[in-house]
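Working notes, beginning with the structure itself.
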Amino acid sequence: MIPAILRRAVLVLAAVVALLLGADFLVAHHPYFGIDGLPGFALAFGGLAALATLALGAAAGRLIARGAFDDD
Amino acid sequence: MREHAPVLMVVVPLFGAVLAALVRRPGPAFAVALACGFAVAALAIDLAVAVSAGGPISYRLGGWAPDVGIEYRVDALNVPILLLLGVTAAVATVYARRSVASELPVGRVAWFYALYLLCLTGLIGIALTNDAFNAFVFLEISSLATYAMIALGRDRRALVAAYQYLIIGTIGATFYVIGVGFLFLATGTLNLSLIAERLGEAEAARAVVTGLAFVLVGIAMKVALFPLHLWLPNAYAYAPSFATVFLGATATKVAVYLLFRYVFSVFGAAFVFEALPTGALLIALSLAAAFGASTVAIFQSDVKRLLAYSSVGQIGYATLGLALGNAAGLTGGLVHLLNHAMMKGAAFMAVGAVVFRLGTCRLEAFAGLGRAMPATMAALTVAGLGLIGVPGTAGFVSKWYLIKGALEAGMPWLALLIVASSILALLYVGRLVELIWLRPRPADAAPVAEAPLELLLPTLALAAATIWFGLDTRFTAGLAQAATVGLFGGAR
Amino acid sequence: MIEAVSPALPLLLGAALAVLLRGRARDAVSVAAAVAALGLVLLLPDREGGRIGWLGFRLVTVAVDPAARLFGAAFAIAALAGIVHALAQRNPLERAAALLYAGAALGIVFAGDLVTFTIFFELLAVGSTLVVWSGGRRAAALRYAAVHAFAGALLIAGAAAASAGGVTTFAAVAEAGPLARGLLLAGLLVNAGAFPFSFWVADAYPKASWSGAVFLSAFTTKAAVYGLIRLFPGESALVVFGAATVVYGAIYALNTRDLRALLSYSIVGQVGIMLMAVGTGSALALAAAALHAFAHVVYKAMMMMAAGGLVDAQGRTPLGAIGPFRRSMPVTALVLAIGALALSGLPLTAGFVSKSALSAALGKEGAAFAWFLLTASSAATFLYAVCRPLLLIETGAAARPLADPSPSRLAPMVLLAALTLAIGFVPAALLGRIPGTGAIAVLTPDHIVFQLAVLAAAALVLLLARAVILPGAATLHDIDSLWRTPLWRVVARWLGRPVATYGRARAGVVAVLRNALAGLERQHGPQGALGRNWPTGSMALSAAILLGATLLLAYI
Amino acid sequence: MTDLLARLGNIAGHYNLYIAILLMVAGLYVVIARGNMVKKLIGLSLFQSSVYLLYLTPGKILGGTAPVVDPRFAIYSNPLPHVLILTAIVVGIATLAVGLALVVRINEAYGSIEEDEIFARDEATVKREDRAASRPPRRAGKGAR
């Protein structure tokens, strides 16, 4: 993958995130648990979840990688 | 006319046999056989209706009272057997024409039908009669016709098989008649119902036990109970295909019926299982049959022989039901007679159709046949599933009752063994199914057409019955349950 | 009259006919069977019908309620789309197996008692095994068969134990003992592919044919979810199993390099979500689980079709190889994209609708753990279904000229994609038909912003942390590695012993088995003691001995 | 002493039963021990004949007459066993006839009536068939792999 495209993608995503953060202050929330009604919660939680998933996946990946296609 | 239905059932095929022998030509002889087959089926249905409506029918031959003359008796126990014989005769005879014509020289076809009708006469007679000695005579009528029918097979090994069966069958029948002699000495009568009544007050208990042993072992040889089964595989394998179909569906079943009759309505289950170690012995032999014969079936290279060994194993289930001695087991044993007749009839018919098309029934010949003869092979597959006891087929119903019977008898290990023995059936059927559906047809094999309609329709009918009676158990299980109730009501 | 006809019936009949018929007749019968099944699902009245007495049981083959109709509709749609998609498949066994498989799935859904339910589950195992088998990978099919024989045995044993009192209704399960419940639950969890029984899903599904995988993705796991809704609503253990399954699905999907394996792992992950909802147990949660199953069947079936097109075109589906297909197979690529977005729950897709329903149900129940995990799983799904594949795509030309598959394979994909979008655009059309879910507002600004924010943040994190992007492997170790590469081989390696020890031991075991078989054949084969021809005299002797033994036993 | 004599007389009085048992066992022995198919059938006939004797023995009453309906005779032998055995003899003859016919056919087909020789020939047939059958499929099997 060409890094230039990636850099542009990061910029676009950052813009989208900023936009969503703004929108989050405008919409009316219907929280179930309180914390999920805070503006920006979804962004923070999504990012944390992604980080945790990546960390877990990478850690587990070393254990479970098996190699070539199994041909039986 | 209707009150003579019991005797007509015997007389019609008997005279049919004479007629078939007299006409000498294949066409008319087949017509006679077909007419007799349907007449017998109609009479059997008529009798079944009459018995379910009005209770047991007693028919006195020549008007003599039972203790002097011969009595035919139709009750809940032999109605299923009569239906089995009648329906098999009707369905199988349709199958007969092309199959017999292709396997026998023209000059012998009429004789073959005469023998077939004689055999049918004998089997119906055994099922109908309430006279111990009369049963022996019918046993010999059917056996003699069977020996000759087997000997008509194309392979010369058929002759040896017929000879072996003749020796063993005669020894069995003689054992039986010796046993009947002891019973006659002890009770002074040959009527089964009267024997049953008088056994209680008989003084010579030793004679009664000896008679019981002779009768049971004698019938067991006809049943092909495990160590006495050695005549059966060759007889079935080398007989003409139609003879195999008919005998495989009926002959041993009638013998098992006779066993049921003696054990439950003559001697009474209590006496049989107390006086002799019958229960334990029969369970051991039945299991030996279910495991031993089924294992042998796995290694066969001739499909008729494979199915014949499977018959020995399956008969083990019927006798197992008897040996359990409780209502569920008995129902299972009886219903298995009917179900096995359907499944094995369909299987042997399908194999007969292969013989018709290919002239052989060696295992290799079945490779890839699923593409060439899909309907026939589908019927064979359904029958095979029934033999395994897959839910939704008739075979499952009988095993269900057997397992129930084993659990009720406090023998859960036996229930497990019944299930385990099904795995053996899975192996020999699986071997066939894999060959038929998953192997390619050998490149140098000649093209094969689907079996002709005359062979296909009866085959499919029995295969459909295997599924139908696996789903709708009211009829078969109902018949068997009615018989069981009758037996336990009548048992002393 | 119609209320007595189970939707399974036309499909099972079609399976039987598919064995016998050939060519166009078989195609016509297959499609007609699927259409008839779908028609029955939609037309059956909401009550019990089709009672049969069997072996003393009262079997109810048709019992319709909203959940049954929803699952039934999903299965019937998948069956119809799958059959049309598979019209180009010339393997006769697979057609019959697929019809049997679909029929069994519908039979499960409309079963009104435990016995019927169990019987159809066994049929389901048979049908699905045959579908895997007809893909041509025999060893995988045998492993699949072993797992499902085990699961089937658990179910039968559980059903037998639960109905020991003679009552075979579903309600009897609630009052059954711990053994019966445990067996049934285990049997259903294996079928659902719940952790730790998930290994078989990604082992078998990628090895099916291009057309067979569609059926596999639709039926078995979701039928098990249906079974759990019926038998174990509110069983708290399901939340634990579901959570573990969600985590498992995410980890494995993130590490695989194979498209169809990724789809299989994502099935497992989504089933995990459904399990958590079933475990929560409120009426709304159960309805939401059913809704998610419906949506998932629809978009996963179309993704499997699209993946099947790639498999067919190049034989294997490593994620990176999607690149060259984008231009030459535009429809396939588009369907795959819509599916991936629906899987991640992007607004305006069916996935967003069902995830909103789940979120509402879990939230209203106060099931915080399940709710947060569900939300996190949306982020994780977006990572493995959309972002990571995009990063892995290799550019370059395809090895050979490629094109979208034939119309009979393209049309079902496109229609299912349209359905996915239609549900996403007009959620009320579907929600209004399910009792209890009509009140859920899906396309509200806060829901949309929430979901978009979760996904965008996750994507940004992945892009920033792309140094750790997971290269993955073609195949992954799973629980089944324990017996597929025997434990003692691993132990031997740890101990530093040469692996030859293992090889020698294996050769020894094989030799022992071979000898045992030869011995069995010596005994039972045509020349063996039990199988050979015996002289007449010995037959007579055995009769005499039996008689003698009987008499002797009688007198002592 | 008289008691013993009476018992001996009683035992001796059953001599026809002993003969029946002797015939039965001898007949069965011949069936079991002889490989010649005709001799087997002779043994079978002996075996069946023993049954005739077994039935007839209790039917005869010492001092009884033939079963003729006449006021002068009060004691007569039971006619039923005689009738039964008449039937059994017919059955026996039929069996023997079928058996002998089979042996004739076997002799024509195999050129022998010794069971072990016939088995040896059958075994050779089976081996030939297996060989013939195993060749082409093996080739086809390899091609299919």
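The values are calculated or read from the model by the stated rules, or taken from the named source; none is laboratory data. Given the structure is predicted, the values throughout are model-derived calculations rather than measurements. Note that we place each Cβ from the backbone using ideal geometry, even for glycine, and neighbour counts take in every protein chain shown.
What the table shows:
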quantity	calculated
Selected residue (only one of C:74, C:28 is in a helix (DSSP H, G or I) and under 23 Å from the mean Cα position of the chain (by Cα))	C:74
Residue D:80 under 20 Å from the mean Cα position of the chain (by Cα) and either hydrophobic (A, V, I, L, M, F, W, C) or surrounded by fewer than 14 Cβ atoms within 10 Å (Cβ to Cβ) (or both)	no
Residues that are surrounded by fewer than 20 Cβ atoms within 10 Å (Cβ to Cβ) and assigned to a loop (DSSP other than H, G, I, E, B), drawn from segment C:435-451	C:435, C:436, C:438, C:439, C:441, C:443, C:444
Those residues of segment A:13-35 which are surrounded by 14 or more Cβ atoms within 10 Å (Cβ to Cβ) and more than 8 Å from every other protein chain (Cβ to nearest Cβ), in sequence order	A:19
Enumerated helices (runs of 4 or more DSSP H) restricted to segment B:337-411, each holding at least 2 residues that are more than 14 Å from chain D (Cβ to nearest Cβ), in contact (Cβ under 8 Å) with a residue 40 or more places away in the chain and touching a Ser or Thr at 6+ places or on another chain (Cβ under 8 Å)	B:374-388, B:394-408
In segment C:383-394, the residues that are within 8 Å of chain A (Cβ to nearest Cβ) and modelled with pLDDT under 90	C:391, C:393
Matching residues, segment C:533-549, being in a helix (DSSP H, G or I) and either more than 7 Å from chain D (Cβ to nearest Cβ) or more than 16 Å from residue D:114 (Cα to Cα) (or both)	C:538, C:539, C:540, C:541, C:542, C:543, C:544, C:545, C:546, C:547, C:548, C:549
Residue check, residue B:178 closer than 22 Å to residue B:122 by Cβ, part of a helix (DSSP H, G or I), more than 10 Å from every other protein chain (Cβ to nearest Cβ) and at pLDDT 90 or above	no
Verdict on residue C:351 being in contact with a Phe, Trp or Tyr (Cβ under 6 Å, 6 or more places away or on another chain) and part of a helix (DSSP H, G or I)	no
All positions within segment B:132-173 that are hydroxyl-bearing (Ser, Thr, Tyr) and under 30 Å from residue B:67 (Cβ atoms)	B:142, B:143, B:170
Qualifying residue in segment D:19-28 (condition: within 11 Å of another protein chain (Cβ to nearest Cβ), surrounded by 14 or more Cβ atoms within 10 Å (Cβ to Cβ) and in contact with a strand residue (DSSP E or B) (Cβ under 9 Å, 6 or more places away or on another chain))	no
Within segment B:98-140, tally of residues that are of a type in the set (Lys, Arg) and closer than 15 Å to residue B:24 by Cα	1
Residue C:380 vs. criteria in a helix (DSSP H, G or I) and more than 10 Å from chain A (Cβ to nearest Cβ)	no
Flag for residue C:72 being farther than 17 Å from residue C:210 by Cβ, without any contact (Cβ under 8 Å) to a residue 12 or more places away in the chain and out of contact with any Ser or Thr (no Cβ under 7 Å at 6 or more places or on another chain)	no
Residue within segment D:84-104 that is at pLDDT below 85 and under 20 Å from the mean Cα position of the chain (by Cα) present	no
Tally, over segment D:59-92, of residues that are more than 11 Å from chain B (Cβ to nearest Cβ) and β-branched (Val, Ile, Thr)	6
Boolean, residue B:195 is touching a Leu at 6+ places or on another chain (Cβ under 9 Å) and at pLDDT 90 or above	no
Subset tally (residues that are of a type outside the set (Phe, Trp, Tyr), out of contact with any Phe, Trp or Tyr (no Cβ under 7 Å at 6 or more places or on another chain) and in a helix (DSSP H, G or I)) for segment C:365-375	3
Breaking point among (1) surrounded by fewer than 23 Cβ atoms within 10 Å (Cβ to Cβ); (2) in the same structural domain as residue C:71 (by TED's automatic domain parsing); (3) in contact with a Phe, Trp or Tyr (Cβ under 8 Å, 6 or more places away or on another chain), for residue C:202	(1)
Helices (runs of 4 or more DSSP H) (entirely within segment C:220-284) containing at least 1 residues that are touching a Leu at 6+ places or on another chain (Cβ under 8 Å), closer than 21 Å to residue C:110 by Cα and more than 14 Å from every other protein chain (Cβ to nearest Cβ)	C:220-231, C:259-280
Those residues of segment B:125-139 which are within 11 Å of chain D (Cβ to nearest Cβ) and more than 16 Å from the chain's Cα centre (by Cα), in sequence order	B:131, B:132, B:133, B:134, B:136, B:137
Residues that are facing chain A (nearest Cβ under 10 Å), under 29 Å from residue A:27 (Cβ atoms), among the hydrophobic types (A, V, I, L, M, F, W, C) and in contact with a Pro (Cβ under 9 Å, 6 or more places away or on another chain), drawn from segment C:442-481	C:448, C:452
Residue match in segment D:22-37 (condition: charged (D, E, K, R) and more than 25 Å from residue B:143 (Cβ to Cβ))	no
Residue match in segment B:437-453 (condition: under 25 Å from residue B:358 (Cα atoms), at pLDDT 85 or above, more than 14 Å from chain D (Cβ to nearest Cβ) and in contact with a Phe, Trp or Tyr (Cβ under 9 Å, 6 or more places away or on another chain))	yes
Residue count for segment C:1-17, restricted to those that are out of contact with any Ser or Thr (no Cβ under 6 Å at 6 or more places or on another chain) and either among the small types (Gly, Ala, Ser) or outside any helix (DSSP H, G or I) (or both)	7
Enumerated helices (runs of 4 or more DSSP H) restricted to segment C:119-201, each holding at least 3 residues that are under 16 Å from residue C:219 (Cβ atoms)	C:138-162, C:178-192
Which numbered condition residue B:328 misses (of (1) farther than 17 Å from residue B:255 by Cβ; (2) more than 21 Å from the chain's Cα centre (by Cα); (3) within 13 Å of chain C (Cβ to nearest Cβ))	(2)
